[in-house]
Amino acid sequence: MTAAQQSPSTSHPAQPLNVIVATDCGSTTTKAILIEKVGNEYRQTYRGEAPTTVEAPFEDVTRGVLNAIAEIEELSGRTILDGDRIITPNQASQGDPKRGVDIYVSTSSAGGGLQMMVTGVVQNMTGESAQRAALGAGAIVIDVLASNDGRLPYEKIERIRTMRPDMILMSGGTDGGAVTHVVEMAEYIAAAEPRPRFGSTYQLPLVYAGNKDAQPQVNTILGKKTALEFADNIRPVLERENLAPARNKIHDLFLEHVMQQAPGYKKLIEMAGAPIMPTPAAVGVIMETIAKREGINLIGVDIGGATTDVFSVFGGLFNRTVSANLGMSYSISNVLAEAGLENIMRWVPFTIDEQTLRNRIKNKMVRPTTIPQSLDELQIEHAISREALRLALIHHKSLATGLKGVQQERTISDVFEQRTSGKTLIDLLKLDLIVGSGGILSHAPRRIQSMLMMVDAYEPLGVTTLSVDSIFMMPHLGVLSTVNEQAATDVFVRDCMVYLGTCIAPIGQGKDGERCADYEVALPDGRIDKGTLAFGDLKLFSLTRDQQATVTLQPSKQVDLGEGPGQSFTRTVKGGVVGLMLDGRGRPLQLPTDQAARVAMLTRWYQAVGLYPKGS
Amino acid sequence: MAHSYTPGLTVTERMTVRRRRILPLPGSVLVQVGDAVRADTAVARAELPGKVVPLNLANQLGIAPDEINDYLVKKEKDSVQKDDVLAENKPFIKWFKTEIRSPITGKVESVSTITGQILLREPPRVLELRGYIDGTIAEVHPEQGVTVESTCSLVQGIFGIGGETSGELVMGVKAPDQPLLPEQLNPSMKGKVVVGGAFLSAATMARAKELGIVGLVVGGIHDKDLRALLGYDLGVAITGTEQVGFTLILTEGFGTIPMAPKTFALLSAHAGQKASISGATQIRAGVIRPEIIIPHSGPAAVTKVAPAEREGIQLGDPVRIIRDPLFGKIGAVSGLPSELRAIPTESEVRVLEVRFPDGTTTVVPRANIEVIEGA
């Protein structure tokens, strides 16, 4: 269970929840949705959005919330606000059904989110466990300090002094093991006298979740210098992680200390009928729920303005990472810096000089709330998002691993397999579903654009279903699920999750135009579509979510669909709003380096699936 | 859309600003409410704790950590000079004596019998906080700092680099659409803040550095020149600590973009006066924009400053288009249709109509304009 699921909620009103307003205060935009009970089920009915107002002149997050809700008022004709107050409960029983809501809930990643520093003893053991605990709680991990991280003691102390995290998580040592290294780290933290980012008068929250035998010493060293809290050891024995208690404690401290310091949060907390949840924690709740309910492996992504969060559930194991400076507005320039101009340009279906592109990207960085007005601007943003998604997945793969340093039991059948501990859990061939969320994916003018952005960035192998959050409301539903499970589920199924379709991608490479596989698609109307998928081809078949098609592929001898090279493959797949896509572009995907050839190839792909309006 | 809100940059001839000057850690405040201060007046002082140097005595003496107190010559909180003996053993044979000497001058911060470590700390470094603007102390925050108030002209930029500085305002060009060229800079501009027009090249920046110009204010620059100036590609807009020789403020954005006529006229009107400028930019929550503050002469009356209130975009508001293809164009709001409109990307968005000075109009997404605020 995640921290979010366990977090205490305030007492819920006795009357049923028929009208709910939820907001997500993002770093760029505050999104509000209205959920109403229609008959026996809940539906998302109206939405509004407004710039997040943590900046001058307001410096008060509730202003953006009220603005976004005011948009809902205008669109729905419902009176929700009485000045700066949300009218609760709904006044239906007083004969005024269009006045008030029953509850207001919110998530937030404004204020830069929760920035944490974590410490462990061994970097790729307790250090990584601590990182996973913090990431799972919705934090951005700004540094991982460990006894063996290669830095000299004074460098560690300097680092703690200069980074100014919102919170520190300390781990290290198994219960009953040696205490020296953890105590040493506590001494470094004490010597650094860390100050929190916000507020000069409150103490820095610090969660100690290491060897429980070291608690008294840690208390002596840090008790007076920090707001110290203890949680169960996150690695009580070498072979097991116990992340939930630390995650819960982080969440509680975030609400009690950190969020209170951000502009306007005290007011927001008072307005809300349930604890404010960090946005990534709320999205994590939804991702875990989908995977559990369907019994599948999934990768979820929430690409925001400042960060890109990646979630995965493989074999029931949940992981989350945040790439703190990969995003589409505040961090857009960092995507350019990290990916490099060439990598971005490889997705742009026209030529543009470097200076113009650089200036445009920087202008988006300094004015992050703007939207692409022309098609070429949209195509540039889509190119950048592919790179942000790709880089964030690489980051995720490196952290979503099995426990490191643990001796594995091996049988005779493993003798020839070179398996190491700490191997990434992300196996794209075993991936069932990719879920996309965030402005660039949720608000793409054509759904195929969201699908191809994710396919190009993740290069799924074999058969993979793709879906997208229809209007970016997963955070709202995550927090709502802690208050009313049925409302969250109803809206999620009916209004939130849009299945895009299925992508079938053979593994292998060949020359453009060469045979990749012969295909036979048995469509639900009885038609059978047969043909050859050549390398470099993208084929799209119309197939809705409630339809199924049986696909048989006979790949050429060097091509694999998960059954082995050259082995025939048959699978029944579902469609979606985009349909069934056969991706014959090869894996790994390779684009021509010559500019004219690349533009021609991109144009061919984009036209094959109707990515953009004709004539572009 | 009474509540719709679009953030904008303030360009105003007269307003009262308050700037909180807060120490990074508790210290002492050196002024009182009502005191007149100048930009370079020290208003508060703090002692930044010195660097910490850890030494593992137990290892060096070859003893158990819980024995180290028996070997210490200096105790916790003792002052030490460099090379003072911190700990020593007492062998039977004097030649085998081991002495651990202090690598620094400072004091003994802590001694740990668990890790066998001793932490030494260097003497604190005094940090003096300056007033930043000429004005009056409006508030004292005990142990933390002050709020300085000033009646001034204010120009907010969109992006900047470099820290706080001040100097006389000098016009480097005659019109807002002229680029600032190297030959327009001269030695008399040393220590001054030079205002350019539409563009500033790398060569002009190099010349400014050479001449000792403290600040440059200009419409736009090329990103590649910024990269060359900084020596790296700026990933996120969190700036203010760069040390490139001057403080740079862009009023419009990246590219060749004429400075807004209102901004240029205001700065021109104050040429010869002292300005306080800061390039610090933080385009995240708690946004900080770079600014040019030109204090008006005479002490400011200490009055309560009413928080800014905007009632959203109104017809006639001066606006700047902040996205291609019309990036940088300035006009006035001439229509506020409430229904969503499809734009060339096929997105359906809220739009507004802008009328340009030549009488032509265009429709742009509301997200792509910025109100030029300030009377």
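The values are calculated or read from the model by the stated rules, or taken from the named source; none is laboratory data. This one's a predicted model, so the numbers in the text were calculated from it and none came from an experiment. A quick note on method: Cβ atoms are made from the backbone with ideal geometry, for glycine too, and the neighbour counts reach across all protein chains shown.
Observations, loosely collected:
- Applying the condition of being part of a strand (DSSP E or B) and β-branched (Val, Ile, Thr) to the range B:346-370 and asking which residue is surrounded by the fewest Cβ atoms within 10 Å (Cβ to Cβ) yields B:THR361.
- The lone criterion from (1) over 19 Å from A:VAL483 (Cβ atoms); (2) crowded, with 24+ Cβ neighbours inside 10 Å left unmet by A:MET287 is number (1).
- Set A:LEU253, A:LEU268: member being within 14 Å of another protein chain (Cβ to nearest Cβ) and in a helix (DSSP H, G or I): A:LEU268
- Selection of first residues in the range A:469-490 that are of a type in the set (Asp, Glu) and of second residues that are surrounded by 24 or more Cβ atoms within 10 Å (Cβ to Cβ) and in a helix (DSSP H, G or I), restricted to Cβ pairs under 7 Å at least 6 apart or on distinct chains, gives the following pairs, ordered by first then second residue: A:ASP469/A:CYS496.
- Of everything listed in (1) surrounded by fewer than 19 Cβ atoms within 10 Å (Cβ to Cβ); (2) farther than 19 Å from B:ILE158 by Cα, the single unmet condition for B:MET189 is (1).
Residue-by-condition table, conditions (1) under 23 Å from B:VAL236 (Cα atoms); (2) surrounded by fewer than 24 Cβ atoms within 10 Å (Cβ to Cβ); (3) in contact with a Phe, Trp or Tyr (Cβ under 8 Å, 6 or more places away or on another chain); (4) without any contact (Cβ under 8 Å) to a residue 24 or more places away in the chain:
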{"position": "A:GLU294", "(1), (2), (3), (4)": "no, yes, no, no"}
{"position": "A:VAL301", "(1), (2), (3), (4)": "yes, no, yes, no"}
{"position": "A:SER312", "(1), (2), (3), (4)": "no, no, yes, no"}
{"position": "A:VAL322", "(1), (2), (3), (4)": "yes, no, no, no"}
{"position": "A:SER333", "(1), (2), (3), (4)": "yes, no, no, no"}
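- Residue selected from the range B:304-324 under the condition within 13 Å of B:ILE369 (Cα to Cα) and more than 7 Å from chain A (Cβ to nearest Cβ), by the criterion modelled with the lowest pLDDT: B:GLY312
- Residue within the range A:90-99 that is surrounded by 24 or more Cβ atoms within 10 Å (Cβ to Cβ) and of a type in the set (Gly, Ala, Ser) present: no
- Only a single item in (1) within 19 Å of the chain's Cα centre (by Cα); (2) over 26 Å from B:PRO295 (Cα atoms); (3) more than 14 Å from chain A (Cβ to nearest Cβ) is not met by B:PRO179, and it is number (1).
- Residue, surrounded by the fewest Cβ atoms within 10 Å (Cβ to Cβ), within the range A:57-67, restricted to residues that are farther than 11 Å from A:PRO263 by Cβ and facing another protein chain (nearest Cβ under 9 Å): A:PRO57
- Some residue of the range A:450-457 being crowded, with 24+ Cβ neighbours inside 10 Å, touching a helix residue (DSSP H, G or I) at 6+ places or on another chain (Cβ under 9 Å) and of a type in the set (S, T, N, Q): yes
- Of the helices (runs of 4 or more DSSP H) lying entirely inside the range A:423-502, the ones with 2 or more residues being touching a Lys or Arg at 6+ places or on another chain (Cβ under 9 Å) are found at A:447-458, A:474-480, A:485-491.
- Among the numbered conditions (1) assigned to a loop (DSSP other than H, G, I, E, B); (2) away from chain B (no Cβ under 14 Å), the only one that A:ARG151 does not meet is (2).
- Residues that are in contact (Cβ under 8 Å) with a residue 60 or more places away in the chain and more than 10 Å from chain A (Cβ to nearest Cβ), drawn from the range B:334-354: B:LEU336
- Comparison of A:LEU357, A:LEU378 shows that the only residue that is within 7 Å of chain B (Cβ to nearest Cβ), over 28 Å from A:VAL141 (Cα atoms) and in a helix (DSSP H, G or I) is A:LEU378.
- Being touching a Ser or Thr at 6+ places or on another chain (Cβ under 7 Å) and modelled with pLDDT under 95 holds for only one residue in B:GLY298, B:GLY220, B:GLY215, B:GLY235, and it is B:GLY235.
- Of all residues in the range A:162-180 being more than 8 Å from chain B (Cβ to nearest Cβ) and assigned to a helix (DSSP H, G or I), the one that is farthest from the chain's Cα centre (by Cα): A:THR162
- Residues of the range A:503-529 satisfying the condition of being acidic (Asp, Glu) and in a strand (DSSP E or B): A:ASP518, A:GLU520, A:ASP529
- Subset tally (residues that are assigned to a loop (DSSP other than H, G, I, E, B) and within 12 Å of chain A (Cβ to nearest Cβ)) for the range B:92-141: 9
- Listed conditions (1) surrounded by fewer than 23 Cβ atoms within 10 Å (Cβ to Cβ); (2) touching a Cys at 6+ places or on another chain (Cβ under 6 Å) are all met by A:ASP583, apart from (1).
- Residue list for the range B:239-262, filter: at pLDDT below 95 and closer than 12 Å to B:GLY163 by Cα: B:THR239, B:GLY240, B:THR241, B:GLU242, B:GLN243, B:VAL244, B:GLY245
- Count - residues of the range A:203-242 that are more than 18 Å from A:MET116 (Cβ to Cβ) and part of a helix (DSSP H, G or I): 9
- Extreme residue, nearest to the other protein chains (Cβ to nearest Cβ), among residues of the range A:106-124 that are surrounded by fewer than 24 Cβ atoms within 10 Å (Cβ to Cβ) and not polar (S, T, N, Q): A:GLY112
- Remark: pairs (first residue in the range B:8-32, of a type in the set (Asp, Glu); second residue not in a loop (DSSP other than H, G, I, E, B); Cβ separation under 9 Å; 6+ apart in sequence or on different chains) = B:GLU13/B:SER153; B:GLU13/B:LEU154; B:GLU13/B:LEU266; B:GLU13/B:ALA269.
- The number of residues in the range A:310-345 being touching a helix residue (DSSP H, G or I) at 6+ places or on another chain (Cβ under 6 Å), more than 9 Å from chain B (Cβ to nearest Cβ) and assigned to a loop (DSSP other than H, G, I, E, B) comes to 2.
- Restricting attention to the range A:28-56 and to residues that are without any contact (Cβ under 8 Å) to a residue 24 or more places away in the chain and more than 9 Å from chain B (Cβ to nearest Cβ), the residue that is surrounded by the most Cβ atoms within 10 Å (Cβ to Cβ) turns out to be A:GLU49.
- Given (1) touching a residue at least 60 places away in the same chain (Cβ under 8 Å); (2) surrounded by fewer than 20 Cβ atoms within 10 Å (Cβ to Cβ); (3) closer than 26 Å to B:GLU164 by Cα; (4) not basic (Lys, Arg), index of the condition B:ASN56 fails: (3)
- The residues in the range A:533-578 that are under 20 Å from A:ARG446 (Cβ atoms), in contact (Cβ under 8 Å) with a residue 60 or more places away in the chain and not in a strand (DSSP E or B) can be counted, and the count is 4.
Matching residues to (1) on the phi > 0 side of the Ramachandran plot; (2) within 11 Å of chain A (Cβ to nearest Cβ); (3) not in a helix (DSSP H, G or I):
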position: B:ASP225; (1), (2), (3): no, yes, no
position: B:ASP233; (1), (2), (3): no, yes, yes
position: B:GLU242; (1), (2), (3): no, no, yes
position: B:ILE249; (1), (2), (3): no, no, yes
position: B:GLY253; (1), (2), (3): yes, yes, yes
position: B:PRO258; (1), (2), (3): no, no, yes
position: B:THR263; (1), (2), (3): no, no, no
position: B:LEU266; (1), (2), (3): no, no, no
